[in-house]
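Beneath this line is the structure, given in structure tokens, with notes to follow.
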Amino acid sequence: EVQLVESGGGLVQPGASLKLSCVASGFTFSDYWMSWVRQTPGKTMEWIGDIKYDGSYTNYAPSLKNRFTISRDNAKSTLYLQMSNVRSEDTATYYCTRVRGAIFDYWGQGVMVTVSS
Amino acid sequence: DIQMTQSPPSLSASLGDKVTITCQASQNINKYIAWYQQKPGKAPRLLIRYTSTLESGTPSRFSGSGSGRDYSFSISNVESEDIASYYCLQYDNLPYTFGAGTKLELK
């Protein structure tokens, strides 16, 4: 059974940094592109970016490219999202997703990030 | 970025009804549209990819169609377990973009 478990969320102050993790199981992690998607409290869904199966290539939403970095550790079957200089508009639930055929076929349960002073 | 205009924002249906949700892209997306179902407090679930291809486990009462800029998603014979929000996603061009969602409620 495919499982994706995110962690690392919480309350963070504006301007701070935060790193989210996602541990994958139930499939060969190193065979798949992976992606992050977020959902705001107003339910708007936004694709953040993705990373190639070997970690050699990433794509990002242009609006987030300068502040967010996606990485992975295939030995640990773990995906990461490094968020820097966070803003109130980054408040959202962050989902780790597996990519198959260019789209997100499995999603984690999500981790909440709240940016507030 | 490709804008996905999804309508209606909400929909009220009786059990057994047929409902249809539409998504219009700001440009041709070559049938690269997927549909997701999201229940409260849960992660989205992929139902349909490439306009009309049902994912394994998706009931046959769900269907999708369309081409070019205009796409639709339907549920025939709505069941109580279908009460959820539905989102379209275009994956023809980066950045991938979602519709705003449609909340399906029971009448």
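Restricting the first member to the stretch A:57-83 and to residues that are more than 21 Å from A:Gly15 (Cβ to Cβ) and within 12 Å of another protein chain (Cβ to nearest Cβ), and the second to residues that are among the hydrophobic types (A, V, I, L, M, F, W, C) and surrounded by 13 or more Cβ atoms within 10 Å (Cβ to Cβ), the beta-carbon pairs closer than 7 Å and six or more apart or on different chains are A:Thr58/A:Ile51; A:Thr58/A:Ile70; A:Asn59/B:Leu94. Based on this model, can you work out whether B:Thr51 counts as in contact with a Lys or Arg (Cβ under 6 Å, 6 or more places away or on another chain), within 14 Å of another protein chain (Cβ to nearest Cβ), assigned to a loop (DSSP other than H, G, I, E, B) and within 22 Å of B:Tyr96 (Cβ to Cβ)? When the stated conditions are applied, B:Thr51 passes them. So which residues in the stretch A:50-80 are of a type in the set (Asp, Glu), over 12 Å from the mean Cα position of the chain (by Cα) and either in a loop (DSSP other than H, G, I, E, B) or surrounded by 15 or more Cβ atoms within 10 Å (Cβ to Cβ) (or both), if there are any at all? Passing the criteria: only A:Asp54. If you filter the stretch A:84-101 down to residues that are assigned to a loop (DSSP other than H, G, I, E, B) and surrounded by 16 or more Cβ atoms within 10 Å (Cβ to Cβ), you find that the one that is farthest from the other protein chains (Cβ to nearest Cβ) is A:Val86. Given (1) buried (at least 20 other Cβ atoms within 10 Å of the Cβ); (2) assigned to a loop (DSSP other than H, G, I, E, B), identify the lone condition not met by B:Leu15. It is condition (1) that B:Leu15 fails.
Report those strands (runs of 3 or more DSSP E) wholly inside the stretch A:5-49 carrying at least 3 residues which are in contact (Cβ under 8 Å) with a residue 12 or more places away in the chain and either within 14 Å of chain B (Cβ to nearest Cβ) or among the acidic types (Asp, Glu) (or both).
A:34-39
Within the stretch B:18-47, can you find the residues that are part of a strand (DSSP E or B) and of a type in the set (S, T, N, Q)? Listed by number, the residues that qualify are B:Thr20, B:Thr22, B:Gln24, B:Gln37, B:Gln38. Cβ separations smaller than 8 Å between residues 6+ apart or across chains give the following pairs from the stretch B:93-107 residues that are under 21 Å from A:Asn59 (Cβ atoms) to residues that are among the β-branched types (Val, Ile, Thr) and in a strand (DSSP E or B): B:Tyr96/A:Ile103; B:Gly99/B:Thr5.
Applying the set (1) more than 14 Å from every other protein chain (Cβ to nearest Cβ); (2) touching a residue at least 12 places away in the same chain (Cβ under 8 Å); (3) not in a strand (DSSP E or B) to B:Ser60 leaves exactly one unmet item: (2). Taking the stretch A:105-117 as the region of interest, how many residues are touching a residue at least 60 places away in the same chain (Cβ under 8 Å) and either within 7 Å of chain B (Cβ to nearest Cβ) or more than 12 Å from the chain's Cα centre (by Cα) (or both)? Qualifying residue count for the region: 9.
Values quoted throughout were computed directly from the atomic coordinates according to the rules given, and no laboratory measurement underlies them. Small disclaimer: the values here were computed from a predicted structure and weren't measured. Every residue, glycine as well, gets a Cβ built from its backbone with ideal geometry; the counts of neighbours run over all protein chains shown.
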